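*Asks:* Have a look at this one.
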Amino acid sequence: MQAVGLITEYNPLHNGHRYHLRQAQQLTNADCVIVVMSGDWLQRGEPAILDKWTRAKLALENGADLVIELPVFFATQPAHLFARGGIELLSALDCTSVVFGAEHPELDFQRLATAIAARQGSFTHYNATFATQFNAALQAATGVTLTAANDMLSFCYYAANQTLAHPMQLLPIKRRQADHATTTIAADSRYASGTAVRQAALAQDWAALKPVVPADTFTALTTQRLQRWSDFWPFLQYQLLTVDVARSGQYDQMAEGLEYRMQAMAQHATTFDDFIHQVKSKRYTYTRLQRVATAALLQLTQAEVQKAQAHNYLRVLGFTPKGQAYLHQVKKQLPLPLYTKINQDLRQHALNLDYRAGRVYQLINGQSQDLYRQPWRLSVTVG
């Protein structure tokens, strides 16, 4: 069996994602479609609107054969580390190819990645000016700049892939959904951005939402509790007000005295949005600040995140019969540990950061995210 891989968040899974899943299989004629998916906390530094188990099941119901969780220490990182974590997992599973959406799939990303590889060291530490530094280096090396979010991510996939001993085939395809910045759902459209889908769901605008998501996603959004940052604000505020500022300065991606600014603004802010707007400055993007807020909420220190990134693993969230057969085919030669459930030892050691992230999410979601959870075993026919 041959496998194609996708690196995803599905926040939540909409028609554009369903198209992506089908295209991945059709383009490659793969026997198995493997999805690496963020858990309960996402790359833009925010909680997933639906938990990882619900989103994994939706993926399996819409074309995936095997869903693997991208650990929180990669899922909540800037693009280059998010990409590295996902590419590592798909490579470990012996995927032949990776398919992903881009705004401009016609770009020669391989040429760009090769050209800039020698300059990478000057901006491996992401900060608010990373995009500017990155594009300045790219412009100098190739004459090209990348501004669209998925073009940047595509570049990062190529950069991560070329470090592998056996690089996979990368296949960018045109995104079939609205731009990320689009916050409304167009009338008579079957596709919408993830941002627009989330806003419609949180506003309970079910009439606008129904045409742009699969039926099972619609059911999940209308029947389950939907999470947002405002739910977690009291916990974050408590952390910032009570943890010693020297300790909070050690949180992942915290830098240049940002911990003092965050602690000061937490004294007066009344909501998460209010807090982020007060902390915001020209130096930091909202996404960077949300990622730092996530690290503070989960008490993820830079030291433990970097240690964990050197010990990636394969956490199975679900599979179909095809996915199970593929796992059986490759499991004896896997270069990374494979986990299907969390026990007390894993909770305290190898999977501690993911357990911590899930336990905090569970405070609002109310559903166990790790203990006593078994991977989904679905026998499905995709319509």
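The values are calculated or read from the model by the stated rules, or taken from the named source; none is laboratory data. Please read these numbers as outputs of a predicted model, since none were measured by experiment. For neighbour counting, all protein chains shown are included, and Cβ atoms are generated from backbone atoms with ideal geometry for every residue, glycine included.
*Asks:* Out of the residues in the range 14-44 that are surrounded by fewer than 24 Cβ atoms within 10 Å (Cβ to Cβ) and of a type in the set (Gly, Ala, Ser), state the one that is farthest from the chain's Cα centre (by Cα).
*Replies:* Checked the range 14-44; the qualifying residue farthest from the chain's Cα centre (by Cα) is Ala30.
*Asks:* In the range 158-176, what count of residues is obtained for those that are under 19 Å from Phe82 (Cβ atoms) and in a loop (DSSP other than H, G, I, E, B)?
*Replies:* Count: 6.
*Asks:* Still on this structure, please answer the following. Report every pair of residues separated by at least 6 positions or lying on different chains whose Cβ atoms are under 6 Å apart, first residue within the range 259-272 and free of Cβ contacts under 8 Å to residues at least 60 places away in the same chain and of a type outside the set (Phe, Trp, Tyr), second surrounded by fewer than 17 Cβ atoms within 10 Å (Cβ to Cβ) and assigned to a helix (DSSP H, G or I).
*Replies:* Glu259/Val245; Gln263/Val245; Met265/Gln278; Ala266/Leu241; Ala269/Gln278
*Asks:* Against the definition (assigned to a helix (DSSP H, G or I) and outside the structural domain of Asp65 (by TED's automatic domain parsing)), how does Asp345 come out, yes or no?
*Replies:* No; evaluated as a whole, the condition is false for this residue.
Residue-by-condition table, conditions (1) without any contact (Cβ under 8 Å) to a residue 12 or more places away in the chain; (2) over 28 Å from Gln306 (Cβ atoms):
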{"site": "Gln344", "(1), (2)": "yes, no"}
{"site": "Gln348", "(1), (2)": "yes, no"}
{"site": "Leu351", "(1), (2)": "no, no"}
{"site": "Arg356", "(1), (2)": "no, no"}
{"site": "Arg359", "(1), (2)": "yes, no"}
{"site": "Leu378", "(1), (2)": "no, yes"}
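*Asks:* Does Ala220 qualify as being crowded, with 21+ Cβ neighbours inside 10 Å, among the aliphatic types (A, V, I, L, M) and more than 30 Å from Thr285 (Cα to Cα)?
*Replies:* Taking the combined requirement at face value, the residue satisfies it.
*Asks:* Among the residues of the range 324-339 satisfying the criterion of being within 25 Å of the chain's Cα centre (by Cα) and not in a loop (DSSP other than H, G, I, E, B), which is nearest to Ser379 (Cα to Cα)?
*Replies:* Taking the candidates together, the pick is Gln324.
*Asks:* Name the residues in the range 177-220 that are under 19 Å from the mean Cα position of the chain (by Cα) and not β-branched (Val, Ile, Thr), would you?
*Replies:* Residues satisfying the conditions are Gln177, Ala178, Asp179, His180, Ala181, Ala192, Ser193, Gly194, Ala196, Arg198, Gln199.
*Asks:* Next up: Out of all the residues in the range 77-90, is one or more closer than 19 Å to Gln324 by Cα and aliphatic (A, V, I, L, M)?
*Replies:* There is at least one residue in the range 77-90 that is closer than 19 Å to Gln324 by Cα and aliphatic (A, V, I, L, M).
Condition check ((1) touching a residue at least 12 places away in the same chain (Cβ under 8 Å); (2) of a type in the set (Ser, Thr, Tyr); (3) assigned to a helix (DSSP H, G or I); (4) assigned by TED's automatic domain parsing to the domain that holds Thr114) across all residues:
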{"residue": "Cys156", "(1), (2), (3), (4)": "yes, no, yes, yes"}
{"residue": "Thr195", "(1), (2), (3), (4)": "yes, yes, yes, no"}
{"residue": "Leu221", "(1), (2), (3), (4)": "yes, no, yes, no"}
{"residue": "Pro234", "(1), (2), (3), (4)": "no, no, yes, no"}
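*Asks:* Kindly indicate whether any position in the range 242-259 is within 21 Å of Ala357 (Cα to Cα), crowded, with 20+ Cβ neighbours inside 10 Å, outside the structural domain of Gln43 (by TED's automatic domain parsing) and basic (Lys, Arg).
*Replies:* no
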